[in-house]
Amino acid sequence: LLVSGPSGVGKSSLIRAGLLPRLIRPFLFPGIAGCRWGFVELDDRDPIQALADTLAAPGMLGPALEAFGLDVDRLTRLLTSEPGVAADQVLAALARVADDPASSSDGSDGRLQLALIVDPLDRLFTEERRGAPRTRAFFEALSLLAARDGVWVIASLRSDYLFHLADMPD
């Protein structure tokens with residue numbers, strides 16, 4: 001899901017105050033018992049590192065990924081070198097969390113969904129970051145994650161940056 005509009009129109013407010021409260025309500029969406037969500041903070045860090053930090057956080061998929069031998073550094077390398085394999089590992093970790101009796105969702109009633117929120121995406125379209133290989137790798141990884149059933153990618157982007165998306169991988 002891409003939320004786009006002019007600067008200051010309330011894209012972040014819509015995501016944080018409108019959409020997020022709905023994501024955390026169980027069974028609001030058919031077949032979805034619960035949702036693990038996290039914000040991918042795109043500050044001055046490497047965007048792949050930011051994605052790995054979010055995914056491997058303790059409240060997200062950290063313990064399940066570690067059970068597969070993926071700490072933050074290994075996940076960062078895997079997202080860069082083999083993003084399709086990384087996306088599959090993320091889904092496997094999500095399934096492991098859903099099967100955990102301590103998990104808040106009951107897999108028999110519905111599945112556990114993962115929501116990655118990138119708000120704002122604008123920071124990747126600055127002059128120095130727009131064509132960077134790590135930016136392209138980030139978009140490739142996000143695309144592969146979004147293509148998996150069980151993962152939602154939600155992002156906001158200023159409408160005057162929309163044309164830059166044509167230069168990014170799917």
Computed over all unlike Cα pairs, the Kirkwood hydrodynamic radius of region 30-91 in Å stands at 12.0
Only four residue types carry charge here, +1 at the Cβ of Lys and Arg and -1 at the Cβ of Asp and Glu. Report the dipole size of region 7-146 about the Cα centre in Debye, rounded to the nearest 20. 400
Percent relative contact order of region 6-89, based on C-alpha pairs within less than 8 angstrom and at least six residues apart? 17
quick shape note, region 1-62: Cα extents on principal axes in Å, largest first -> 37, 35, 15
Provide, for q = 0.17, 0.22 Å⁻¹, the log10 of I(q)/I(0) from a solvent-free Debye sum over equal Cα point scatterers in region 58-153. -0.80, -1.18
Set the Förster radius R0 to 22 Å, insert the Cβ-Cβ distance between SER159 and ASP88 as r into 1/(1 + (r/R0)^6), and round the FRET efficiency to 0.05. 0.05
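Note the direction-averaged projected area, equal to a quarter of the hull surface, for the Cα convex hull of the chain, in nm².
9.5
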Taking the alpha-carbon centroid of each part, what is the distance from region 131-170 to region 1-53 in angstrom? 14
Any idea what the relative contact order of the chain is, in percent, if you count C-alpha pairs under 8 Å spaced at least 6 apart? 31
Under 5 Å between amide hydrogens, which residues at least 5 positions from ALA57 or on another chain qualify, with H placed 1.01 Å from N in the peptide plane? GLY62
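Tally up the carbon and sulfur contribution to the accessible surface of region 25-170 as a whole percent, 1.4 Å probe, everything protein left in place. Mind dumping the intermediate values first?
Values: 3530 of 6910 Å².
Accessible surface attributable to carbon and sulfur in region 25-170 totals 51 percent.
The values are calculated or read from the model by the stated rules, or taken from the named source; none is laboratory data. None of the values given here were measured: they were computed from a predicted structure. No Cβ is skipped: glycine too gets one built from the backbone with ideal geometry, and neighbour counts run over all protein chains shown. The area values use the complete protein model at the heavy-atom level, side chains included, leaving out ligands, DNA and RNA. Shrake-Rupley method; radii C 1.70, N 1.55, O 1.52, S 1.80 Å.
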